[in-house]
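Have a look at the structure below, then the notes.
The values are calculated or read from the model by the stated rules, or taken from the named source; none is laboratory data. Treat the numbers as computed from the prediction; the structure is a model and nothing was measured. As a convention, Cβ positions derive from the backbone with ideal geometry for all residues, glycine included, and neighbour counts pool all protein chains shown.
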Amino acid sequence: MDLTQEMKNFQEIASALIPRPGDTPQLRGIDIYGETLPLNGIIGGDHIIYVDFNRRFDLDRRISKAMSDDIKQKLATNKLRAGILLADVAGHQATDATIHIGFHHAFLTGLIYELDIHGEVTTRLFENLNTRFFQTENFAKYITMIYGEIEESGDFNFLSAGHPPPIVYSREFERFVDIQPDRLITFYPIGLFPSEDHPDRSKISPDSIAKKRYTVNNIKLLSPGDILLLLTDGLQEHAQENEPYFPGRLEEMLKETRDLPARQICDSIKEDLLAFAPQRDDISLIVVKRE
């Protein structure tokens, strides 16, 4: 088999993990849509994973088999929320997708254990992912990542591994609103340094710099029409010569499209930013709108 056919086969494998429009989580009062624009080819270093707990898991059966009332209660809470993961592998070549393929399957496997043991996703999953990728021999890449869970109430609880922070557009004030720094705590990307309090720390790399435990942050979509944006640095740094797209032009686009569904908002921003300047990196954007 020649190299061209091998690359085609690889792209088919990686492309199968890209969420389709129908894969976005369904939550009452919450509209979600996201998209990734690879710089080279049809795949790249950015990756989105949705966790629609209601569709992905048989929560009622899990609740019936849970070992404690605490786990039963946490499993039931998952019915009212959905998970969103946005990851960005350093680099933007098609072959960088090999890393997010491994990350994709490791995350979803860990997710099952989290529900089995805790009834919910905890920070321990991400400490273990960080340790696994740090331990990989000759691993010259790292992964920035944000994972959050949006609830029907509009609460968004998330942790960040060196990723651009979430942004909130207020329907009432018609602009981006400031978020207090203590609600945007982030630590090093996945795989860059070992976790400080991992049980196997002394066996992994006892003398190297260590990463503190990932922190769970909380922000709220308070009013109908409020919009939460998750993005990668490809959008954050998108520019036309010395004129940046973010935040000014992006905010103007949200003023124009704020009353549209999440998918149309995302499509409009995509069209505008590509017309604004040539793409220089993988770009990803996820729109979460409170209806």
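Table for the structure above
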| quantity | calculated |
| --- | --- |
| Unique match (being within 25 Å of Asp23 (Cβ to Cβ), of a type in the set (Gly, Ala, Ser) and either over 21 Å from the mean Cα position of the chain (by Cα) or surrounded by fewer than 20 Cβ atoms within 10 Å (Cβ to Cβ) (or both)) among Gly234, Gly225 | Gly225 |
| Qualifying residues in the stretch 70-98 (those that are of a type in the set (Val, Ile, Thr) and buried (at least 23 other Cβ atoms within 10 Å of the Cβ)) - the one farthest from Phe193 (Cα to Cα) | Ile84 |
| Selection within the stretch 251-291 - aliphatic (A, V, I, L, M) and within 24 Å of Glu149 (Cα to Cα) | Leu254, Leu260, Ala262, Ile265, Ile269, Ile283, Leu285, Ile286, Val287, Val288 |
| Cβ pairs under 6 Å, 6+ apart, first in the stretch 58-80 and under 13 Å from Val121 (Cα atoms), second basic (Lys, Arg) | Leu75/Arg62 |
| Long-range neighbours under 9 Å by Cβ, at least six apart or interchain, first residue touching a residue at least 24 places away in the same chain (Cβ under 8 Å) and closer than 18 Å to Ile32 by Cβ within the stretch 215-236, second of a type in the set (A, V, I, L, M) and assigned to a loop (DSSP other than H, G, I, E, B) | Ile219/Ile179; Ile219/Leu184; Asp226/Val177; Ile227/Leu221; Leu228/Leu221 |
| Matching residues in the stretch 274-291 - criterion: being touching a strand residue (DSSP E or B) at 6+ places or on another chain (Cβ under 7 Å) and part of a helix (DSSP H, G or I) | Phe276 |
| Selection from the stretch 249-266 of residues that are under 23 Å from the mean Cα position of the chain (by Cα), in a helix (DSSP H, G or I) and free of Cβ contacts under 8 Å to residues at least 12 places away in the same chain | Gln264 |
| Evaluation of Asp88 against (1) without any contact (Cβ under 8 Å) to a residue 12 or more places away in the chain; (2) not in a helix (DSSP H, G or I) (one fails), failing number | (1) |
| Within the stretch 16-66, tally of residues that are out of contact with any helix residue (DSSP H, G or I) (no Cβ under 8 Å at 6 or more places or on another chain) and under 20 Å from Gly234 (Cα atoms) | 4 |
| Filtered residues of the stretch 157-208 (kept if in contact with a Gly (Cβ under 9 Å, 6 or more places away or on another chain) and either farther than 18 Å from Gln236 by Cα or in a loop (DSSP other than H, G, I, E, B) (or both)) | Asn157, Phe158, Leu159, Pro166, Ser170, Arg171, Glu172, Phe187, Tyr188, Pro189, Ile190, Leu192 |
| Only listed residue being under 30 Å from Asp23 (Cα atoms), among the basic types (Lys, Arg) and surrounded by fewer than 16 Cβ atoms within 10 Å (Cβ to Cβ), chosen from Lys255, Lys203, Lys212 | Lys255 |
| Residue, modelled with the highest pLDDT, within the stretch 141-156, restricted to residues that are under 17 Å from Lys211 (Cα atoms) and outside any strand (DSSP E or B) | Tyr142 |
